[in-house]
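Colleague: Before I ask anything, let me first share the structure, which is written out below as structure tokens.
The values are calculated or read from the model by the stated rules, or taken from the named source; none is laboratory data. Note that the structure is a prediction, hence the values are computed from the model and not measured. Positions of Cβ are generated from backbone atoms using ideal geometry, with glycine treated the same way; all protein chains shown enter the neighbour counts.
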Amino acid sequence: MKVLVVGSGGREHAICSQFSKSPKIDKIYCAPGNGGISQVAEITNISASDFNKLTDFVKKNKIDFTFVGPETPLSSGIVDYFEAEGLKIIGPSRNAARLESSKIYSKEFMRKYDIPTAHYNSFTDINDALKFLESWEENKKVVVKADGLAAGKGVYMCNGRRDAQNAVKQMMNDRVLGDAGTSVIIEENIDGPELSYLIFTDGISYSVMPASQDHKRINDNDQGPNTGGMGAYAPAPLATDELNKKVEDIIRKVINGIKVEKLDYKGVLYVGIIVNDSSPYVLEFNCRFGDPETQAVLPLLNTDLTDVCSAILNRKLSSVRISWKREFSVCVVLASGGYPGNFKKGFEIKGIENINDENTVVFHAGTKLENGKFITSGGRVLGITSTAADVKSAINKVYSSVKLVSFKEMYYRKDIAWRALNGKQN
Ligand code: GLY
């Protein structure tokens, strides 16, 4: 079979790598990919948003199915476009992708299907939003969320009324997030550690992957601004059997809602959970694999990803027993100095070839291949993942490999998976 993976980050590299292990896959294409992905896939310089060129490419190369990584093409209807052309594709339809692309839709869905989540109000008019906040306590935490997709920048954690009023003005008046902030949600803050539950689903049944934890802040001890994710690990010990049962109750309600609403959902659903007082609450849905959670989770997959995809496409996911290695996986992201603010690109990456461990893999996120050398081309540059029988060994192994790699102004967190080690979960 031939497969096309759409996207260009570390997540897509991890997806391509997983397909490269499948005896059923003869050829992997990636659009637009990156320097490192070109080691496992043929990359083509077609943008993830150019559906016309992508479908032409798939037809010309007789590609059997397409797997979509990022949310933007999904929310713009890539699945509907491909299916209208008679092509097989893994991902939710545009309508179903609203679970991620509209926070208001997603919260209404949660309310309708009795899914535990923070109390909220939604606003399309700035005056209504500001009026609502007038009665909010001066120092009570509150969350302001942009309705639309905002590349991870759409959630403002506010320390009280004034902070929240400023957030509303920035989004709805100053339009700092463009159209994404035309409508907003104002919701109660829930404190607690977060977990990412990724599930494969064909819209009828589902299979839960090992729960993982992302590290969103740039600095150790979860300090500094938010990023796209500085590392992840799986399975997270916080996800005890007891918690997993409660989360499965939630997931069953979500799948039931997807069926009742007749949402065409094939692919991966990301259920972002916050745990407060031993109870899980849904923070968000994403309609795709997480990044960098995928780089930690997929190396643990035993089952052939092609079999999982075929079952999803045939809506027979329940017929596949998906199994996972009983190991721990830790992914550390190497970023350009200055990220998530301004950073320089174009530095040569040295030392990847010195990593010589069969349980360690380097996923490229922001790299270009120039004259046989890898060059930095983004904020997050690489994600290095190691797996081992216990989390401490996985941490030691991954940081030994990280030390072999260098590029000018390289930055990484030194404490990925620390929660798993010291039992402190938040
Ligand atoms: N790691 C967060 C996300 O993929 O949205």
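Condition check ((1) within 18 Å of G383 (Cα to Cα); (2) not in a loop (DSSP other than H, G, I, E, B)) across all residues:
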residue	(1), (2)
V3	no, yes
E12	yes, yes
Q18	yes, yes
S22	no, no
I25	no, no
I28	no, yes
A31	no, yes
G35	yes, no
S49	no, no
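Colleague: Is one or more of the residues making up the stretch 254-268 buried (at least 21 other Cβ atoms within 10 Å of the Cβ) and small (G, A, S)?
Modeller: Yes: one or more hits.
Colleague: Provide a single number: the residues in the stretch 150-194 that are within 16 Å of the ligand (Cβ to nearest atom) and among the charged types (D, E, K, R).
Modeller: Within the stretch 150-194, residues that are within 16 Å of the ligand (Cβ to nearest atom) and among the charged types (D, E, K, R) number 2.
Colleague: Next question. In the stretch 348-379, which residues are part of a loop (DSSP other than H, G, I, E, B) and charged (D, E, K, R)?
Modeller: Scanning the stretch 348-379 gives D357, E358.
Colleague: Out of the stretch 309-339, which residues are assigned to a loop (DSSP other than H, G, I, E, B), farther than 30 Å from K88 by Cα and not acidic (D, E)?
Modeller: R326, G337, G338, Y339 - these are the residues of the stretch 309-339 that are assigned to a loop (DSSP other than H, G, I, E, B), farther than 30 Å from K88 by Cα and not acidic (D, E).
Colleague: Further, regarding this structure: What pairs come up if the first residue lies in the stretch 205-226 and is under 12 Å from A417 (Cα atoms), the second is modelled with pLDDT of 95 or more and of a type in the set (V, I, T), and their beta carbons are under 6 Å apart, counting only those six or more places apart or on different chains?
Modeller: Pairs that qualify, where the first residue is under 12 Å from A417 (Cα atoms) and the partner is modelled with pLDDT of 95 or more and of a type in the set (V, I, T), are S212/V297; H215/I416.
Colleague: Exactly one of these conditions fails for V5: (1) crowded, with 21+ Cβ neighbours inside 10 Å; (2) closer than 16 Å to F82 by Cα; (3) out of contact with any Gly (no Cβ under 7 Å at 6 or more places or on another chain). Give me its number.
Modeller: Failed condition: (3).
Colleague: Mind checking whether some residue in the stretch 327-335 is in contact with a Pro (Cβ under 8 Å, 6 or more places away or on another chain), within 16 Å of the ligand (Cβ to nearest atom) and β-branched (V, I, T)?
Modeller: Yes, the stretch 327-335 contains at least one residue that is in contact with a Pro (Cβ under 8 Å, 6 or more places away or on another chain), within 16 Å of the ligand (Cβ to nearest atom) and β-branched (V, I, T).
Colleague: Separate question: List the residue pairs whose Cβ atoms are under 9 Å apart, where the first residue sits in the stretch 63-86 and is over 16 Å from K2 (Cβ atoms), the second is aromatic (F, W, Y) and not in a helix (DSSP H, G or I), and the two are 6 or more positions apart or on different chains.
Modeller: Cβ pairs passing all conditions: G69/F289.
Colleague: I would also like to ask the following. Just give me the residues in the stretch 49-82 being aliphatic (A, V, I, L, M) and surrounded by 22 or more Cβ atoms within 10 Å (Cβ to Cβ), in sequence order.
Modeller: Selection gives L54, V58, V68, L74, I78, V79.
Colleague: Name every residue in the stretch 219-249 that is touching a helix residue (DSSP H, G or I) at 6+ places or on another chain (Cβ under 9 Å) and assigned to a helix (DSSP H, G or I), in order of residue number.
Modeller: If the condition is that a residue be touching a helix residue (DSSP H, G or I) at 6+ places or on another chain (Cβ under 9 Å) and assigned to a helix (DSSP H, G or I), then D220, N221 are the ones that fit.
Colleague: Taking the residues in the stretch 195-243 that are among the acidic types (D, E) and surrounded by fewer than 20 Cβ atoms within 10 Å (Cβ to Cβ) as candidates, determine which candidate is nearest to the ligand (Cβ to nearest atom).
Modeller: Here the answer is D222.
Colleague: Here is a further query. Restricting attention to the stretch 166-194, report how many residues are surrounded by fewer than 19 Cβ atoms within 10 Å (Cβ to Cβ), in contact with a Phe, Trp or Tyr (Cβ under 9 Å, 6 or more places away or on another chain) and assigned to a helix (DSSP H, G or I).
Modeller: Counting residues in the stretch 166-194 that are surrounded by fewer than 19 Cβ atoms within 10 Å (Cβ to Cβ), in contact with a Phe, Trp or Tyr (Cβ under 9 Å, 6 or more places away or on another chain) and assigned to a helix (DSSP H, G or I) gives 2.
Colleague: Let me ask you something else. Could you tell me how many of the residues in the stretch 195-207 are assigned to a strand (DSSP E or B) and within 19 Å of S106 (Cβ to Cβ)?
Modeller: Counting residues in the stretch 195-207 that are assigned to a strand (DSSP E or B) and within 19 Å of S106 (Cβ to Cβ) gives 7.
Colleague: Check the stretch 319-329 and report whether any residue there is closer than 28 Å to P237 by Cα and crowded, with 21+ Cβ neighbours inside 10 Å.
Modeller: yes
Colleague: So the check is Cβ under 9 Å with 6+ separation or different chains; which pairs have a first residue in the stretch 227-243 that's closer than 23 Å to T360 by Cβ and a second one that's of a type in the set (G, A, S) and surrounded by fewer than 19 Cβ atoms within 10 Å (Cβ to Cβ)?
Modeller: Sorted first by the residue in the stretch 227-243, then by its partner, the pairs are T227/G152; G228/A151; G228/G152; G229/G152; P237/G423.
Colleague: Filter the stretch 1-52 for residues that are acidic (D, E) and within 21 Å of the chain's Cα centre (by Cα) and give the result.
Modeller: The one that is acidic (D, E) and within 21 Å of the chain's Cα centre (by Cα): E12.
Colleague: Answer with yes or no whether K414 is among the charged types (D, E, K, R), in contact (Cβ under 8 Å) with a residue 24 or more places away in the chain and in a strand (DSSP E or B).
Modeller: No: the conditions fail for K414.
Colleague: Moving to a separate point now. Has the stretch 256-271 got any residue that is modelled with pLDDT of 95 or more, touching a Cys at 6+ places or on another chain (Cβ under 7 Å) and within 15 Å of the ligand (Cβ to nearest atom)?
Modeller: Within the stretch 256-271 (the criterion being modelled with pLDDT of 95 or more, touching a Cys at 6+ places or on another chain (Cβ under 7 Å) and within 15 Å of the ligand (Cβ to nearest atom)), the answer is yes, since at least one residue qualifies.
Colleague: Also: Which residues, counting only those in the stretch 110-151, are free of Cβ contacts under 8 Å to residues at least 60 places away in the same chain, within 19 Å of I274 (Cβ to Cβ) and surrounded by fewer than 17 Cβ atoms within 10 Å (Cβ to Cβ)?
Modeller: If the condition is that a residue be free of Cβ contacts under 8 Å to residues at least 60 places away in the same chain, within 19 Å of I274 (Cβ to Cβ) and surrounded by fewer than 17 Cβ atoms within 10 Å (Cβ to Cβ), then R111, K140, K141 are the ones that fit.
Colleague: For the stretch 63-103, give me every one of the helices (runs of 4 or more DSSP H) that falls completely inside it and has 3 or more residues that are modelled with pLDDT of 95 or more and more than 15 Å from the chain's Cα centre (by Cα).
Modeller: In the stretch 63-103, 78-84 are the helices (runs of 4 or more DSSP H) which contain 3 or more residues that are modelled with pLDDT of 95 or more and more than 15 Å from the chain's Cα centre (by Cα).
Colleague: Looking for something outside any strand (DSSP E or B), under 24 Å from I322 (Cα atoms), within 16 Å of the ligand (Cβ to nearest atom) and not small (G, A, S) - is there at least one such residue anywhere in the stretch 273-287?
Modeller: Yes, there is a match, as at least one residue in the stretch 273-287 is outside any strand (DSSP E or B), under 24 Å from I322 (Cα atoms), within 16 Å of the ligand (Cβ to nearest atom) and not small (G, A, S).
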